[in-house]
Amino acid sequence: MIVLGYWNLRGYAQSIRLLLEYLQVEYKDKIYHENGDEWFNVDKKELKTDFPNLPYLIDGDIVVTESLVIPIYLAKKFKKYELIGQNHDGSFNQKEITFLQILQILKDLRDQLNASAKVPSFKQEKDQIFKENFNLIFEKIKKQLGENSYILGNLSYLDFYFYEVLKVFQFFYPKLSIFTDFIDRIENIPQIKAYLQTKQNKIFLFDRMKNQFYF
Ligand SMILES: N[C@@H](CCC(=O)N[C@@H](CS)C(=O)NCC(=O)O)C(=O)O
C-alpha cells in the first residue's frame, strides 16, 4: 500500500492527501509526532533514498520525496495525466508548462507568507504586506482562472494546491474573502467532500506551530 509520511500537520502534505483522496487510492497517512524522534532517529535514516525528507511517498520499492514531485509521480502512476496539465494520453501539452510555473509560484507565495508571519511586525503590517507582496499573484491567478472553474481549465493538482494556499491565507487573514466560489467548488468535489468530513482531516493547519507566528 502507498504510504505518505508527514508531520501531524497539513503543511506540505495536505494537497497531496487531497489528491490521493480524489484518486480514491488506498494509502496509509503516516503521521510523525512533533518531537521528531521517530522521524529523525529512525525512519529518516532508513528511508531508501538519498534525499530523505517530509513529505515522502513510498510505493513498494519506489520512494519519492519533494512535495512538488510527489503529485507528478501519482498522476503518472495512475495515468491521470490531465491532473498535471498533459493530454489524456500523457503527451505534451503547453498546459504542462503553465502547470509547473503556477505550482512553483504558489509554493513561493505560501513560503513567503509563512516567512513573513514569523516576523513580529507582521501583526501590525500584514494588510500592507498583503497589498505589496501577495495581491498581484492573486490577481494573476484570477485572470488565469477567468470564467473557468479550474486554473488550467480542467481540474488539476494545481487546484488542490491553490485551495490549500487559500486556506493558509484565510488562517492569517481571517477577514479576507477571496476565491470563495473556488473554495466551495473544491470542497464539493464528492471525494473531497467525503474526506473533509472524516477524522483524518481534523489535522489542524498550524495548531502546534501557532507560537511561531504573529497574526
Ligand atoms: N523541498 C522540500 C522541503 C521539505 C521540508 O522542508 N520539510 C519539512 C517540513 S515542511 C521537514 O520537517 N522535513 C524533515 C527533515 O528535514 O528531515 C519539499 O518541498 O518537500
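The values are calculated or read from the model by the stated rules, or taken from the named source; none is laboratory data. The structure presented is a predicted model; accordingly, all values stated were derived computationally and were not measured. Ideal geometry is used to build each Cβ from the backbone, glycine not excepted, and the neighbour counts take in all protein chains shown. These accessible areas exclude ligands, DNA and RNA; they are computed on the full protein's heavy atoms, side chains included. Shrake-Rupley method; radii C 1.70, N 1.55, O 1.52, S 1.80 Å.
Considering each residue of the stretch 23-48, count those that are open to solvent by 100 Å² or more (accessible area, probe 1.4 Å) and of a type in the set (Asp, Glu), and give that number.
Selection size over the stretch 23-48: 2.
For the stretch 50-73, how many residues meet the condition of being β-branched (Val, Ile, Thr), open to solvent by 50 Å² or more (accessible area, probe 1.4 Å) and more than 12 Å from the ligand (Cβ to nearest atom)?
Final tally of qualifying residues: 1.
Does Ile97 qualify as being closer than 25 Å to Lys193 by Cα, out of contact with any His (no Cβ under 7 Å at 6 or more places or on another chain) and either open to solvent by 30 Å² or more (accessible area, probe 1.4 Å) or of a type in the set (Ser, Thr, Tyr) (or both)?
Taking the combined requirement at face value, the residue does not satisfy it.
Of the residues in the stretch 8-33, how many are within 16 Å of the ligand (Cβ to nearest atom), over 21 Å from Leu106 (Cα atoms) and touching a residue at least 40 places away in the same chain (Cβ under 8 Å)?
3
Residues that are at pLDDT 95 or above and loosely packed, with under 15 Cβ neighbours inside 10 Å: which helices (runs of 4 or more DSSP H) entirely in the stretch 149-202 hold 3 or more of them?
The qualifying helices (runs of 4 or more DSSP H) are 180-187, 190-196.
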